[in-house]
Amino acid sequence: MGPGRAAPRAAGHGHAWEIRLPAVLETLGLVRTGLRRRLAQLGWPEDAALDVLLAVNEAVSNAVEHAFPPGAPDGTVEVVAEVEPVDRQRRLRVRIRDTGRWLPRPGPEEDVNRRRGLPMMSVLMAEVLIHRGGPAPADGTVVTLLSPPVPTL
Amino acid sequence: MVVTVAGEVDMFTAPRVEAAVGRALADPAVDVIVVDLTQVEFLDQAGLSALVTAHRAAQRQDEPLRVVVDHNRPVVRPLEITGLERVLALYYDVAEALGEPRGSGG
């Protein structure tokens, strides 16, 4: 990679915020509490922060509800949020990864449920990327959310 | 009957909301059910589903379900982006919701 090819991380954006919790329903509130605090630290506008919370909550809900078949209670959900510069503004990149075991072939009902929160995420975020792991049951799913840009402090 | 919901409604807590409204629906003495969401700090897809389920059940029983949201953004925003603001009967305050129903075209 030549000099100047990759945009350097802008100073002041700080380190990534990370949380990794068991894939259980109680995790939803803990993720929101942590992310809400982080967004406040970053001076994220209140309305934009609510949209991020709503979108991340849906992604984590999906992971908690569907990533783990009965009898596999050891799954985790990992959320990593990073600020990145975009067009003289900044946006949040949030990655939600479930690391539990997948049912080898999810039934049609599971697919429908899993998509339920997707329209909401798509409306709230600038971009939603879903990377479903490979055929191995432990591959899990990674959802990446890119927020709309907000003004830099 | 007024069902007051406070705090955060998500996949973990939505069943409690559904149960509370369900009890009101099952009570033959209750004719109008008002769900007050003005103290709700977070509402997700699971919470919205609970409201829609209750709304439909109430419609079947011919007992209107009136949802009080005022300008509470954590509730208004998810209703707005899912289009459910046009499905549910929304009110600004409990008194208004307990009063005469507004015109259905309004």
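Just so you know, all these numbers are worked out from the coordinates, no wet-lab data involved. Keep in mind that what you see is a predicted model, and the values were worked out from it rather than measured. Cβ: placed from backbone, ideal geometry, glycine included. Neighbour counts: every protein chain shown.
What to note about this one:
- Amide H partners (placed H, <5 Å) of B:Phe12, local residues excluded: none
- Taking the inverse of the mean 1/r over every pair of distinct Cα atoms in chain B gives a Kirkwood hydrodynamic radius of 13.5 Å.
- A Förster radius of 45 Å, combined with the Cβ-Cβ distance separating A:Val80 from B:Val2, puts the computed FRET efficiency at roughly 0.60.
- Assigned charges on the beta-carbon of Lys, Arg, Asp, Glu; chain B dipole about Cα centre (debye): 240 debye
- With each label modelled as a point 7 angstrom along the Cα→C-beta vector, the A:His131-B:Asp93 pair spans 5.2 nm.
- Taken residue by residue and averaged, Cβ atoms of other chains lying within 10 Å of the Cβ of B:3-9 number 1.
- Karplus-derived 3J(HN,Hα), 6.51/-1.76/1.60, for each residue of region A:76-88, Hz, glycine and proline x: 10, 10, 10, 10, 10, 10, 9, 8, 9, x, 8, 6, 6
- Between amide H atoms placed 1.01 Å from N, distances below 5 Å from A:Val86 occur with A:Arg91, all of them 5 or more places distant or on a separate chain.
- For B:Glu41, the residues whose amide H sits under 5 Å from its own are B:Gly7, B:Glu8, B:Val9, ignoring neighbours fewer than 5 places away on the same chain, with H placed 1.01 Å from N.
- Per-residue average of Cβ from other chains inside 10 Å of B:23-35: 0
- Region B:38-44 - phi-based ³J(HN,Hα) in whole Hz, Karplus 6.51/-1.76/1.60, Gly and Pro as x: 5, 9, 7, 9, 7, 9, 10
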